[in-house]
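To keep things clear, I will list the structure first and then write my remarks on it.
The values are calculated or read from the model by the stated rules, or taken from the named source; none is laboratory data. Just so we're clear, the structure is a prediction, and the values are computed from it rather than from any experiment. Cβ placement follows ideal geometry from the backbone for every residue including glycine, while neighbour counts extend to all protein chains displayed.
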Amino acid sequence: MKSSPYNATVVAKILLTPDLMILRVRTDTPREKFQAGQYTTIGLLAKEQRSSNSVITLEQLPPDFLIKRPYSIASANHETSNFEFYISQVKSGQLTPRLFALSQGSRMWVDEEILGVFRLKDTPEGCNIVMVATGTGLAPYISFLRSHIKDNQDIKLAVLHGAAYPWDLGYYSELTFIQNSFDNFYYFPTLLKADKNWNGLTGYIETHLENGLLENVGIEINPEKTHFFLCGNPKMVESVSIFLEKYNYSKHSQTNPGSLHVEEY
């Protein structure tokens, strides 16, 4: 009889909507301390049940096949056993419908390795940091802020988060609390399908950038003074990247450091 590959336990599952959740898991053994913004891979066996509101698909997977996908870590970098993930359900997908069927106490697999070069530490000392996201692309920025906000009060930090509806703004309360607690942090949620009860920003992120949103709070769009991080919908990443090219931003890599950091989503 095969032993289970599972090495972690679900300690909390917070459903924000039927298709959006925060999943907290505890690994059986601690991982190495990681850099805020990095990711790990999580998985479930194909024999696990799917959520009730997923789309049943024809799958040719053996029951003991481990379905694995990478996810950015939302928890602080000093949390080496307790990990938080921000997950959107793809109804016809293989892994997320199974993740959405989990409950507190369920077992799952979390990779031993934590990887990725989407790291706050790659910004020079004294540079402002603008974190742009759509959907669950927000996750690495939550790790950034939980890990480093107290140590970065001498620079300006901003989060621009695009979503469709108010209930899609995961971490709204936490980010609002941080904004109210730190004078150097700015939170700009913007909605594409807001109703009359929404008093905040509406429309696309790049439109707000073009209209001087950051300059209004003293953040200059200048690659020598401000680094940008982008994570989320590929169309948003492309559009904002094109906007930043006009200011001479170049994409960061390990071999060619730049002021524009992009997480492939």
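Condition check ((1) at pLDDT below 95; (2) in contact with a Gly (Cβ under 6 Å, 6 or more places away or on another chain); (3) in a loop (DSSP other than H, G, I, E, B)) across all residues:
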position: 113; (1), (2), (3): no, no, yes
position: 117; (1), (2), (3): yes, no, yes
position: 129; (1), (2), (3): no, no, no
position: 133; (1), (2), (3): no, yes, no
position: 141; (1), (2), (3): no, no, no
position: 145; (1), (2), (3): no, no, no
position: 150; (1), (2), (3): yes, no, no
position: 159; (1), (2), (3): no, no, no
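With respect to being at pLDDT below 95 and within 23 Å of the chain's Cα centre (by Cα), residue 252 fits the description. Among the criteria (1) touching a strand residue (DSSP E or B) at 6+ places or on another chain (Cβ under 7 Å); (2) more than 16 Å from residue 264 (Cα to Cα), the one residue 152 does not fulfil is (1). In summary, residue 142 fulfils each of the numbered conditions (1) under 19 Å from residue 194 (Cβ atoms); (2) buried (at least 21 other Cβ atoms within 10 Å of the Cβ) with the single exception of condition (1). Of 205, 242, 219, all but one fail to be among the aliphatic types (A, V, I, L, M) and farther than 19 Å from residue 159 by Cβ; the exception is 242. If the condition is being among the acidic types (Asp, Glu) and within 30 Å of residue 70 (Cβ to Cβ), then region 198-232 contributes only 206.
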